[in-house]
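Report on one structure; see the data block that follows.
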Amino acid sequence: MIKIITIIGARPQIIKAAAISRAIKNKYSSEIEELIVHTGQHYDANMSNVFFEELGIPLPDYNLNVGSARHGIQTARMIEGIEELLIKESPDYIILYGDTNSTLAGAVAASKLNIPIVHIEAGLRSYNRKMPEEINRITCDHLSTLLFSPTKTGYENLKKEGFIHIIASHYNPDNPGIFHCGDIMYDNSLYFSDLAESSSSIISENNLVKNKYVLSTVHRDHNTDIKENMESIFNALIKISESIKVVLPLHPRTKNILKTDKHEDLYEKIKSNRNIILLPPVSFLDMISLEKNAALVITDSGGVQKESYFFNNPCIILRPETEWVEIVETGNAVLCGANFNKIIEAFEHFENQKELKFPKIFGDGKASEFILKTLIENNK
């Protein structure tokens with residue numbers, strides 16, 4: 001029996017973990033034991049607990065309850081807590097997702113204890129080291145034993161950084177294995193799509209009509225913490241709302257910043273706009289429903305960019321770069337940053353573009369099974 005410890009800490013990681021946990025339960029329960037460790041990086045109940053219940057993920061075996069803090073403090077607390085659990089449980093592997101501080105902490109703790117690291121979403125690069133996520137994902141990749149990239153571009157990025165594609169009987173930190181396996185979030189989106197249609201009532205509750213609204217999310221600190229960027233993005237959303245409804249689930253930190261004195265007038269404009277629907281953070285199934293039925297997505301979230309593609313929706317990206325370069329290359333997304341004019345131009349472009357094509361670039365929906373099978377084979 002292989003023992004793995006899965007580290008989660010942020011909303012997207014909880015969702016990603018659902019795919020792996022489901023595959024273990026359905027196919028590998030006799031071969032793999034999974035322990036889930038929640039670092040507590042996201043501590044708002046609406047952003048965390050509800051997802052365990054809704055997605056049928058086992059409750060965490062451990063919760064470090066780290067909470068919010070500066071990057072260094074938060075990461076240090078996580079390293080300390082994860083290290084203690086790794087010593088106590090002595091797993092065969094630690095599974096890490098994406099690029100959060102929880103990812104970085106897990107990689108540092110496990111590497112010091114010589115515990116093999118499995119990095120899911122390896123090889124993704126924005127090539128902007130001002131983003132904390134870029135530092136986290138690069139560090140984790142170069143400490144990992146098994147690296148699973150969701151895209152061909154990510155796989156090629158790893159090769160450029162010195163990883164060698166070899167077929168080995170056993171991979172280790174000095175001889176890591178890199179794999180292009182498809183995206184586990186595509187696995188999830190396929191699995192939960194029908195459930196969202198039958199169980200989510202968010203469309204009817206808000207009197208929305210399919211393909212007659214824009215879905216937007218804003219939470220990155222380079223947008224929320226810079227006054228000019230916030231003003232530009234939200235003024236663009238106000239302008240777009242003159243043509244179509246805008247649905248805006250507000251991240252808690254974005255809402256808190258909007259409510260400060262420096263954005264008081266802007267927040268009043270948004271709240272009083274009858275064509276902008278402000279929502280609290282929504283559940284995963286509600287988010288899928290909103291994504292599936294939107295005409296367009298406007299976001300600075302990496303995960304939401306990708307999910308818009310899963311459901312054949314164009315996307316305006318509120319960042320100057322993206323790790324999901326394929327969706328831009330296919331013509332289904334435009335990089336706009338926080339530039340008002342670029343956002344409006346992109347909106348007008350997609351408003352007039354009716355013949356978009358969405359090639360299958362994120363795998364076959366069985367990435368989780370591939371990952372787990374590889375772990376089993378590597379442990380023989």
Karplus 3J(HN,Hα) series, Hz, for segment 75-90 with 6.51 cos²θ - 1.76 cosθ + 1.60 (x for Gly, Pro): 5, 4, 5, 5, 4, 4, x, 5, 4, 4, 6, 5, 5, 5, 8, 6
- prompt: Across segment 5-11, in residue order, what do the Karplus-derived ³J(HN,Hα) couplings come to in whole Hz, using 6.51 cos²θ - 1.76 cosθ + 1.60 with θ = phi - 60° and x for Gly and Pro?
  reply: 10, 9, 9, 10, x, 10, 3
- request: Within 10 Å, count the other beta carbons around each residue, average over each peptide in 205-214, 17-26, and list them highest first.
  value: 17-26, 205-214
query: Taking a ≥ b ≥ c as the square roots of the eigenvalues of the Cα gyration tensor of segment 125-245, is the shape rounded (a/c under 1.5), prolate (a/b larger than b/c) or oblate?
result: oblate
- prompt: Does segment 212-286 classify as rounded, prolate or oblate by the C-alpha gyration tensor (a ≥ b ≥ c root eigenvalues; a/c under 1.5 gives rounded; else a/b over b/c gives prolate, otherwise oblate)?
  reply: oblate
query: Give or take rounding to whole Å, what are the principal axis extents of the alpha carbon atoms in segment 190-352, in descending order?
result: 43, 36, 27
task: Name the residues whose placed amide hydrogens come within less than 5 Å of the amide hydrogen of ASN273, ignoring near sequence neighbours (fewer than 5 apart) on the same chain.
output: none
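So what's the back-of-envelope 222 nm ellipticity for the chain, counting only DSSP H runs of four-plus at -39500 (n - 2.57) apiece and dividing by all residues, rounded to 500?
Here the helix-only value at 222 nm equals -13500 deg cm²/dmol.
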field: 5 angstrom amide H check on ILE32, placed H, neighbours 5+ away
entry: ILE2
query: So if R0 is 22 Å, what FRET efficiency would ASN206 and GLN353 give, r being the distance between their Cβ atoms, rounded to the nearest 0.05?
result: 0.25
task: Determine the shape class of segment 181-235: with a ≥ b ≥ c the square roots of the Cα gyration tensor eigenvalues, call it rounded for a/c under 1.5, and otherwise prolate if a/b is greater than b/c, oblate otherwise.
output: oblate
- line: Relative contact order in percent for segment 190-352 (Cα pairs under 8 Å, 6+ apart) equals 26 percent
field: Relative contact order, percent, the chain [alpha-carbon distance under 8 Å, six or more residues apart]
entry: 16 percent
field: Amide proton proximity set for VAL247, modelled H, under 5 Å, gap of 5+
entry: VAL214, LEU215, SER216, ILE277
- request: Calculate, in nm to one decimal, what THR139 and GLU53 gain on full extension: separation in residues at 0.36 nm each, minus their alpha carbon distance.
  value: 27.8 nm
- prompt: Tell me, what ³J(HN,Hα) does each residue in segment 174-180 have, in order and in whole Hz, if you take phi through Karplus 6.51 cos²θ - 1.76 cosθ + 1.60 with θ = phi - 60° and put x for Gly and Pro?
  reply: 8, 9, x, x, 10, 9, 9
- line: Taking the alpha-carbon centre of each part, the distance from segment 103-150 to segment 316-370 in Å is 25 Å
- prompt: Taking every pair of alpha-carbon atoms in the chain, what share in percent sits in each 10 Å bin, from 0 to the bin with the longest distance?
  reply: 5, 24, 34, 25, 10, 2, 0
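Here, each number is a calculation from the coordinates, and none is a lab measurement. Since we're looking at a predicted model, the values are computed, not measured. Glycine also receives a Cβ, built like all others from the backbone with ideal geometry; neighbour counts cover every protein chain displayed.
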